[in-house]
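Read through the structure below, which is laid out as C-alpha coordinates, and then see the notes.
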Amino acid sequence: MLTVGLTGGIGAGKSEVSRLLVECGAVLIDADRIAREVVEPGTPGLAAVVQAFGEEILAEDGSLDRPRLGALVFGDPEKLATLNSIVHPLVGARSRELEEAAPEDAVVVHDVPLLTENGLASLYDVVIVVDASTRTQLDRLVRLRGMSETDARARMAAQATREQRRAIADVVIDNDVPLDALERRVKEVWAGLVRRAREPRPE
(Lines give C-alpha, C1' and ligand atoms only; values in the text may rest on other atoms or scores of the structure.)
Protein backbone atom coordinates (compact mmCIF):
# COMPACT_ATOMS: atom_id res chain seq x y z
CA MET A 1 0.00 0.00 0.00
CA LEU A 2 1.17 3.51 -0.81
CA THR A 3 -0.29 6.37 1.23
CA VAL A 4 -0.55 9.77 -0.44
CA GLY A 5 -1.38 13.08 1.21
CA LEU A 6 -3.15 15.40 -1.23
CA THR A 7 -3.50 19.06 -0.41
CA GLY A 8 -3.79 22.50 -1.96
CA GLY A 9 -5.10 25.97 -1.24
CA ILE A 10 -8.76 26.85 -1.48
CA GLY A 11 -9.69 27.30 -5.14
CA ALA A 12 -6.55 25.51 -6.39
CA GLY A 13 -8.62 22.64 -7.80
CA LYS A 14 -7.72 19.87 -5.37
CA SER A 15 -11.17 18.29 -5.69
CA GLU A 16 -10.76 17.96 -9.44
CA VAL A 17 -7.38 16.28 -8.99
CA SER A 18 -8.78 13.87 -6.39
CA ARG A 19 -11.62 13.01 -8.80
CA LEU A 20 -9.13 12.27 -11.58
CA LEU A 21 -6.99 10.13 -9.26
CA VAL A 22 -10.06 8.09 -8.31
CA GLU A 23 -10.78 7.59 -12.04
CA CYS A 24 -7.22 6.25 -12.36
CA GLY A 25 -7.85 3.77 -9.54
CA ALA A 26 -6.96 5.48 -6.28
CA VAL A 27 -8.78 4.76 -3.03
CA LEU A 28 -9.87 8.19 -1.77
CA ILE A 29 -10.20 9.12 1.90
CA ASP A 30 -11.72 12.60 2.12
CA ALA A 31 -11.00 14.33 5.44
CA ASP A 32 -13.69 16.99 4.89
CA ARG A 33 -16.34 14.36 4.23
CA ILE A 34 -15.30 12.37 7.31
CA ALA A 35 -15.34 15.57 9.40
CA ARG A 36 -19.02 15.95 8.46
CA GLU A 37 -19.79 12.28 9.16
CA VAL A 38 -18.33 12.27 12.68
CA VAL A 39 -20.70 15.05 13.81
CA GLU A 40 -23.90 13.75 12.23
CA PRO A 41 -27.00 13.52 14.48
CA GLY A 42 -26.72 10.71 17.00
CA THR A 43 -22.90 10.53 16.95
CA PRO A 44 -20.68 10.92 20.01
CA GLY A 45 -18.89 13.65 18.05
CA LEU A 46 -21.98 15.83 17.81
CA ALA A 47 -22.77 15.23 21.48
CA ALA A 48 -19.26 16.41 22.41
CA VAL A 49 -19.57 19.54 20.24
CA VAL A 50 -22.93 20.40 21.81
CA GLN A 51 -21.47 19.88 25.28
CA ALA A 52 -18.64 22.28 24.42
CA PHE A 53 -20.62 24.98 22.61
CA GLY A 54 -24.25 24.63 23.69
CA GLU A 55 -27.54 23.69 22.05
CA GLU A 56 -27.58 26.91 19.99
CA ILE A 57 -25.20 25.36 17.46
CA LEU A 58 -27.92 22.89 16.44
CA ALA A 59 -30.34 23.42 13.56
CA GLU A 60 -34.06 22.79 14.06
CA ASP A 61 -33.73 19.21 12.79
CA GLY A 62 -31.04 18.40 15.35
CA SER A 63 -28.15 18.51 12.90
CA LEU A 64 -25.10 20.73 13.31
CA ASP A 65 -25.68 24.31 12.16
CA ARG A 66 -22.32 24.72 10.45
CA PRO A 67 -22.59 28.42 9.58
CA ARG A 68 -23.50 29.24 13.19
CA LEU A 69 -20.67 27.13 14.59
CA GLY A 70 -18.28 28.62 12.05
CA ALA A 71 -19.23 32.15 13.08
CA LEU A 72 -18.63 31.17 16.70
CA VAL A 73 -15.13 29.73 16.25
CA PHE A 74 -13.80 31.77 13.31
CA GLY A 75 -11.44 34.39 14.71
CA ASP A 76 -11.45 32.84 18.21
CA PRO A 77 -8.33 30.65 18.48
CA GLU A 78 -9.38 29.15 21.82
CA LYS A 79 -12.80 28.03 20.59
CA LEU A 80 -11.33 26.77 17.33
CA ALA A 81 -8.76 24.73 19.30
CA THR A 82 -11.59 23.25 21.38
CA LEU A 83 -13.51 22.25 18.25
CA ASN A 84 -10.40 20.77 16.65
CA SER A 85 -9.61 18.78 19.80
CA ILE A 86 -13.00 17.09 19.42
CA VAL A 87 -13.16 16.58 15.67
CA HIS A 88 -9.56 15.87 14.64
CA PRO A 89 -9.09 12.66 16.69
CA LEU A 90 -12.40 11.31 15.37
CA VAL A 91 -11.39 12.09 11.77
CA GLY A 92 -7.99 10.48 12.32
CA ALA A 93 -9.50 7.30 13.76
CA ARG A 94 -12.03 6.96 10.93
CA SER A 95 -9.35 7.64 8.31
CA ARG A 96 -7.20 4.85 9.75
CA GLU A 97 -10.18 2.46 9.65
CA LEU A 98 -10.78 3.21 5.98
CA GLU A 99 -7.09 2.89 5.14
CA GLU A 100 -6.87 -0.48 6.88
CA ALA A 101 -9.89 -1.68 4.87
CA ALA A 102 -8.21 -0.85 1.52
CA PRO A 103 -6.54 -3.61 -0.54
CA GLU A 104 -2.88 -4.29 0.27
CA ASP A 105 -1.71 -3.07 -3.15
CA ALA A 106 -3.85 0.08 -3.14
CA VAL A 107 -2.72 3.65 -3.67
CA VAL A 108 -4.64 5.39 -0.87
CA VAL A 109 -5.07 9.12 -1.37
CA HIS A 110 -5.91 11.16 1.73
CA ASP A 111 -7.52 14.45 0.69
CA VAL A 112 -6.46 16.75 3.55
CA PRO A 113 -7.09 20.49 3.10
CA LEU A 114 -5.00 21.55 6.15
CA LEU A 115 -2.18 19.04 5.71
CA THR A 116 0.46 21.79 5.62
CA GLU A 117 -1.04 23.87 8.41
CA ASN A 118 -1.32 20.89 10.78
CA GLY A 119 2.17 19.53 10.03
CA LEU A 120 0.94 16.17 8.73
CA ALA A 121 3.34 15.59 5.82
CA SER A 122 5.33 12.91 7.66
CA LEU A 123 2.23 10.68 7.90
CA TYR A 124 2.30 9.89 4.16
CA ASP A 125 4.66 8.13 1.77
CA VAL A 126 4.11 10.86 -0.82
CA VAL A 127 2.72 14.41 -0.53
CA ILE A 128 1.05 15.91 -3.60
CA VAL A 129 0.34 19.64 -3.65
CA VAL A 130 -2.14 21.06 -6.16
CA ASP A 131 -0.94 24.56 -6.93
CA ALA A 132 -2.53 27.52 -8.71
CA SER A 133 -1.77 31.21 -8.87
CA THR A 134 -3.47 33.60 -6.47
CA ARG A 135 -5.27 35.14 -9.43
CA THR A 136 -6.65 31.75 -10.49
CA GLN A 137 -7.74 30.91 -6.94
CA LEU A 138 -9.54 34.23 -6.58
CA ASP A 139 -11.28 33.86 -9.93
CA ARG A 140 -12.55 30.37 -9.07
CA LEU A 141 -13.78 31.37 -5.61
CA VAL A 142 -15.61 34.46 -6.84
CA ARG A 143 -16.88 33.13 -10.18
CA LEU A 144 -17.58 29.49 -9.34
CA ARG A 145 -18.36 29.57 -5.61
CA GLY A 146 -20.04 32.95 -5.45
CA MET A 147 -17.79 34.40 -2.74
CA SER A 148 -17.10 38.09 -2.49
CA GLU A 149 -13.51 39.01 -3.26
CA THR A 150 -13.05 40.16 0.35
CA ASP A 151 -14.26 36.79 1.71
CA ALA A 152 -12.16 34.88 -0.78
CA ARG A 153 -9.00 36.79 0.14
CA ALA A 154 -9.71 36.27 3.87
CA ARG A 155 -10.10 32.51 3.38
CA MET A 156 -6.89 32.36 1.36
CA ALA A 157 -4.99 34.42 3.93
CA ALA A 158 -6.08 32.05 6.73
CA GLN A 159 -4.34 29.12 4.99
CA ALA A 160 -0.68 28.27 4.46
CA THR A 161 1.10 30.18 1.69
CA ARG A 162 1.84 28.62 -1.69
CA GLU A 163 5.52 28.59 -0.73
CA GLN A 164 4.83 26.71 2.51
CA ARG A 165 2.79 24.08 0.68
CA ARG A 166 5.34 23.64 -2.09
CA ALA A 167 8.10 23.21 0.52
CA ILE A 168 6.54 19.97 1.80
CA ALA A 169 5.59 18.58 -1.63
CA ASP A 170 7.09 15.48 -3.18
CA VAL A 171 4.97 16.19 -6.28
CA VAL A 172 3.47 19.51 -7.42
CA ILE A 173 0.54 19.51 -9.84
CA ASP A 174 0.18 22.88 -11.56
CA ASN A 175 -3.51 23.66 -12.01
CA ASP A 176 -3.18 26.92 -13.92
CA VAL A 177 -3.86 24.86 -17.03
CA PRO A 178 -6.80 23.67 -19.15
CA LEU A 179 -8.56 20.49 -18.01
CA ASP A 180 -7.03 18.30 -20.73
CA ALA A 181 -3.52 19.33 -19.65
CA LEU A 182 -4.43 18.66 -16.01
CA GLU A 183 -5.73 15.20 -16.95
CA ARG A 184 -2.44 14.37 -18.71
CA ARG A 185 -0.42 15.54 -15.71
CA VAL A 186 -2.52 13.53 -13.25
CA LYS A 187 -2.08 10.39 -15.38
CA GLU A 188 1.71 10.94 -15.33
CA VAL A 189 1.65 11.33 -11.55
CA TRP A 190 -0.56 8.25 -11.19
CA ALA A 191 1.86 6.13 -13.22
CA GLY A 192 4.65 7.19 -10.85
CA LEU A 193 2.56 6.36 -7.79
CA VAL A 194 1.73 2.90 -9.12
CA ARG A 195 5.42 2.22 -9.82
CA ARG A 196 6.32 3.31 -6.33
CA ALA A 197 3.54 1.22 -4.76
CA ARG A 198 5.01 -1.87 -6.45
CA GLU A 199 8.56 -1.27 -5.25
CA PRO A 200 9.68 -3.59 -2.45
CA ARG A 201 9.76 -1.80 0.90
CA PRO A 202 12.89 -1.94 3.06
CA GLU A 203 12.45 -4.33 5.96
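The values are calculated or read from the model by the stated rules, or taken from the named source; none is laboratory data. From a predicted model like this one, the values you see are computed outputs, not experimental measurements. Every residue, glycine as well, gets a Cβ built from its backbone with ideal geometry; the counts of neighbours run over all protein chains shown. Just so you know, the surface numbers come from the protein's heavy atoms only, side chains and all, with ligands and any DNA or RNA stripped out. Shrake-Rupley method; radii C 1.70, N 1.55, O 1.52, S 1.80 Å.
What the table below lists for this structure:
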item	result
Pairwise FRET efficiency - Ser148 versus Val50, Cβ, R0 = 45 Å, nearest 0.05	0.90
Heavy-atom surface of region 144-203, accessible at 1.4 Å and reported per residue (Å²)	73 Å²
Span per principal axis, largest first, for the Cα atoms of region 67-191 (Å)	43, 36, 24
For region 146-160, Karplus couplings with θ = phi - 60° (6.51, -1.76, 1.60), whole Hz, Gly/Pro x	x, 6, 6, 4, 4, 5, 4, 5, 5, 5, 5, 5, 6, 9, 4
Candidates Leu83, Leu20, Leu193, ranked by Gaussian network fluctuation over the chain, Cα under 10 Å, top entry	Leu83
Label-reachable residues, region 9-44, where backbone N falls under 19 Å from a point 7 Å from Glu60's Cα toward its Cβ	41
For His110, distant residues with modelled amide H under 5 Å away	Val4, Gly5, Leu6, Ile29
Rounded to 10°, Cα long-axis angle of helix 179-198 versus longest principal axis of the chain	80 degrees
For the chain, share of DSSP beta bridges that run antiparallel, in % to the nearest 5	5 percent
222 nm mean residue ellipticity, helices alone, for the chain (DSSP H n ≥ 4; -39,500 (n - 2.57); rounded to 500)	-16000 deg cm²/dmol
Dipole of the chain, positive end: most advanced residue of Gly54, Ala191, Ser18 [Cβ charges, Cα centre]	Ala191
Relative contact order (%) - criterion: Cα under 8 Å, at least six apart; region: the chain	37 percent
Taking the C-alpha atoms of region 21-125, convex hull volume expressed per residue in Å³	124 Å³
